[in-house]
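Reading through the C-alpha cells given below for one structure.
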Amino acid sequence: MLSRRRLRAAGVVQGVGFRPFVHQLATALTLTGHVGNDSAGVFIEVEGASAALDAFEAALRNNPPPLARIEQVLVEEIPALGETRFRIVESAARPGARTLVSPDIAVCEDCLREMADPADRRHRYPFINCTHCGPRYTLIRDTPYDRPATTMADFPLCEDCAREYADPANRRYHAQPIACPRCGPQLWLADAQGAVLCREDAALQAAQAALRAGRIVAVKGLGGFHLACDATNAAAVSALRTRKGRQGKPFALMVADLDAARRVVEVDAEAARLLGGLERPIVVLPRNAAGGVCDDVAPGQNTLGVMLPYTPLHHLLLAGMGPLVMTSGNRSETPILTDNAAALAGLADIADVFLLHNREIQVACDDSVVRVFEGHELPIRRARGYAPFPVRLPRKVPPLLAVGGELKAAFCLAEGGHAFLSQHLGDMERLETLEAFERAVAHLQRLFRITPEAVVVDRHPGYFSSRWARGLGLPVIDVQHHHAHIAALMAEHGLSGERPVLGLALDGTGYGEDGAVWGGEALIVDAAGARRAGQLAYVPLAGGDAAVLRPYRMALAHLRAADVAWDEDLPCVAACPPPERGVLRQQLERGINVVPTSSAGRLFDAVASALGICQRASYDAQPAIELEAHAALDDAGPAYPFDLHGADPVRIDAAPMWRALVADLRAGLSVGQMSARFHRGFVAAWGALAQRLCRAEGIGVVALSGGVFQNTLLLGRMTRSLRAAGLDVLVHRQVPPNDGGLALGQIAVAARYP
Ligand code: ZN
Ligand code: ZN
Ligand code: FE
C-alpha cells in the first residue's frame, strides 16, 4: 500500500546541503517523489510504504545536515501518484513567503584537506568552498538562495564545477559559491595606486613577505577589508595606529590555529569551542604576557581579542606566520570598506599593499566580538557568523522596523515570530554610517520581504537614527532607552512580560523619562510597560560629550556631590587644568549647561579617573574597561559602602564610596585593591536594592542589561550575588548588552510586550 506525504521545512534550510541530504535519504529508503527550494524554505513530496515515510520524517527532524536549523516541519497526507524515481526540482519563488538566510560559515575541514593536497584541482585555491562551508549572507542579493541571486553570478561554471554542482552525490551539489582556479574568483596583489604587482600564489607569498617586513597590508576578506600587520612588530603596529587615526582602541588579532592562540591568550575548553566554531568570532580572552604581542595592540588591557582564520585565503595567509593584527579596513569610526576601488581610494595612505580579489561583497559585515561568560558567548559585537540569523520571538508581531540607538548602530526588522537584527553597522554620527545603514535596511527588507507598518525609535530627540526614521513617513513609536535594553534581554529569553521582571539597566547614557541622562536604573518591566523603582542618585553631568572624553570632569562632579574637596593630591583633580577646573566649578555651582545623570558607565569612568587609571578616553568606555582590567581579584579588604535611601525610586548614593576611596588613595593602597573594592561595593549595593525590590514586588527574575555588563568581572559577581539571594538571573547570549542589542528590545516594546 503506497502512501504519499507533502512536507514543508522552514528555517535555515537553503545553502546548507538540505536537498542532497533529502535526496540521499529518500533514495536510501527507496522513496519516490521530489524536493525543491522556494522562498518559504524547502518543499518535499515523498511516496512509499508508511513505515519508510515515518523513518524519513524522523530522520529529517532529528538528523538534518549540520548547518541546517529547522524551525518547523508541516506534514500532510496526499494521494499517491505511483512515481518511479526521486528528483530534485527547480527552485520556485513564492510571493509573500520568507526563508531564512544562513550567516557566513568558516571553511570546513574537507575543503582545507583538498586545499592542502597538491593532486587536487583546487590545491592552494583561496576561494575553495562546499555545501557545508563558505560565504552566504555577504554574497546573497536575493532569495531564493541560488547562484544567479548571488555575487557568484558573474562567474560561469567550468565543466568540472558544473558536474560537481549537478551531482547529488557530490559534496558540492548546489553549493552556490562553488568555484575553482579555472572558473572562479582570482587573487592579486596591488600597490597603493592599484597597479598589479603579482597574482595567485605569488601574490600570497609577496603579501606574507610584506607583513614580515613590517608593512601594512589591506586584505579583502569575506564581509569587507582588513588592515593587517605583524602584531609582534611595535613599529608596524604604531604605524597602523597613526595612519588609521586610532589611538588607544585595541586591535583584534588573527592567529594560525588553536596552538598559536594558546601562545598569546589563555584558552580554556569553552574558549577553544568558540574560537574554532562555525561562526569564528573574535573572542576576548585573558592575555598571556609571554606571547610576544606588543603592548600597543591593546594598551591598558589585560585581554586580547583573538580569532582563527575563517576563509581559505586567511588559512593560506596565516600559514607559517606569527600573530597578525587584523582590524577593520576603514578609517576610524567609518563603515568597513567592501569594494576594491573604494578601498584603494580610502586606504591608500594606510596600507602599503593590497591583497585583492574579484568576488564582490554584497553585504558589508564586520567580524563579531564575544566574551565568554559561564560557558556561553556574551556578544559584544554581533555581525559575521551570526547575522542575519533571527531571534525567535515569544509572540507574533506585525511588520516593524526598529532603528536602535546612536553608537553601535544595528537595526531590527521583525514580522511574525522572527526578529532579524542586522549586523553591527558602526557609529551613526557619520554620514557614511547612515548611508550604510540605509543600504542595509533596504537589503534586509528585500531579502526577508518585510514591509514595515511602523518604525520604532529611541526617545532621544537628537539621535541620527531617530531623525532618519521620522523621515520615512511611517507611524513612529518611541521607546525609552533602558526599557528597550531590558526588553531585548527578555525577548531573547522568550519572555513576553506576562510576569514582571526586575531589570537592572547599567549603561553609559540614555535619554530618561524626565529628560535626565539615565544609565543606572532598576526598572520593573512587564507587558504593560516599565516603571523606575531604583536608580543611581543623580549627579550633575557638565558639558555632555566633554564629560565622556575627559572622565576627570565626571570624577570632580562626583567628589563635589560627596563633599570631598578638590585637592591637588587627587589624580583626577591634578588632571584637570586649573582654568578648566574654575569653569567647571562655576558650572556645577550655578547649574549651567548641566544635566542630572544616573549613569553607571559615567560612575565607572569617574572612579577610573580618581584612581589615575585613565584621564582621557580615546574610545567608548575606555576608562571603565581599564578599571576592570586593574581589579586585584585576590583583594579581601572591605567593599566600599554605598547608601540606599528614599523610595519610588530608591536611590543608590555613591557619596560614602567616594569618601572611603579617597581615604584609601591617601593611605597609599594599590590601584588594583581600590578597583576591586569599588567593584564589590557596587555589586553589593545593587544586590541589596534588587533584593529589596524583588521582595516588595514579589519578583523572582532579575535581568542584567546595558553596556556596563560587558564587564565580565562585574557580571560574574552580580550574577553570583543575586543567585545566592535565591533570584533567577538573565544575561545576554544572543544580542549584545550594549546598544547593539537595543533594536530588538524596541521591537518587543512596540509590539506591546514586554
Ligand atoms: Zn567545505
Ligand atoms: Zn570551475
Ligand atoms: Fe544603552
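The values are calculated or read from the model by the stated rules, or taken from the named source; none is laboratory data. Small disclaimer: the values here were computed from a predicted structure and weren't measured. Backbone-built Cβ (ideal geometry, glycine too); neighbour counts: all protein chains shown. These accessible areas exclude ligands, DNA and RNA; they are computed on the full protein's heavy atoms, side chains included. Shrake-Rupley method; radii C 1.70, N 1.55, O 1.52, S 1.80 Å.
Looking at A218, A202, A206, A231, which one is closer than 24 Å to Y125 by Cβ and open to solvent by less than 10 Å² (accessible area, probe 1.4 Å)?
The match here is A218.
Name the one entry in A179, A166, A175, A190 that is under 35 Å from the mean Cα position of the chain (by Cα) and more than 12 Å from ligand 2 (Cβ to nearest atom).
A190
Could you please find all residues in region 22-55 being surrounded by 22 or more Cβ atoms within 10 Å (Cβ to Cβ) and of a type outside the set (D, E, K, R)?
V22, A26, L31, G33, V35, N37, G41, V42, I44, V46, G48, L53 - these are the residues of region 22-55 that are surrounded by 22 or more Cβ atoms within 10 Å (Cβ to Cβ) and of a type outside the set (D, E, K, R).
Exactly one condition in (1) within 16 Å of ligand 2 (Cβ to nearest atom); (2) not β-branched (V, I, T); (3) not in a helix (DSSP H, G or I) is false for A153; which is it?
(3) is the only condition that A153 fails.
In region 1-106, which strands (runs of 3 or more DSSP E) lie fully inside it and hold 3 or more residues that are within 17 Å of T143 (Cα to Cα)?
Per the criteria, 3-12, 32-38, 41-48.
Could you figure out which of (1) aromatic (F, W, Y); (2) surrounded by fewer than 18 Cβ atoms within 10 Å (Cβ to Cβ); (3) not in a loop (DSSP other than H, G, I, E, B) isn't true of F682?
(2)
If I ask for residues that are surrounded by fewer than 19 Cβ atoms within 10 Å (Cβ to Cβ) and in contact (Cβ under 8 Å) with a residue 12 or more places away in the chain, which ones from region 280-289 would you list?
The answer is P286, N288.
Counting only residues that are open to solvent by 10 Å² or more (accessible area, probe 1.4 Å), give me the helices (runs of 4 or more DSSP H) lying completely in region 455-569 with at least 3 of them.
Of the helices (runs of 4 or more DSSP H) lying wholly inside region 455-569, those with at least 3 residues that are open to solvent by 10 Å² or more (accessible area, probe 1.4 Å) span 464-470, 545-549, 551-561.
Give me the pairs: first residue in region 619-647 and crowded, with 22+ Cβ neighbours inside 10 Å, second residue aromatic (F, W, Y), beta-carbon distance under 6 Å, and six or more apart or on different chains, which are they?
Within 6 Å, the pairs are A624/F604; L627/F604; Y640/F678.
Identify the single condition in (1) closer than 30 Å to L275 by Cβ; (2) out of contact with any strand residue (DSSP E or B) (no Cβ under 9 Å at 6 or more places or on another chain); (3) among the aliphatic types (A, V, I, L, M) that A59 does not satisfy, given that it satisfies every other one.
All conditions are met except number (1).
Name the one entry in V16, V12, V46 that is modelled with pLDDT of 90 or more and either assigned by TED's automatic domain parsing to the domain that holds P135 or closer than 25 Å to D146 by Cβ (or both).
Result of the check over V16, V12, V46: V46.
Can you tell me which residue is modelled with the lowest pLDDT among those in region 743-754 that are more than 17 Å from P388 (Cβ to Cβ) and in contact with a helix residue (DSSP H, G or I) (Cβ under 7 Å, 6 or more places away or on another chain)?
That would be P754.
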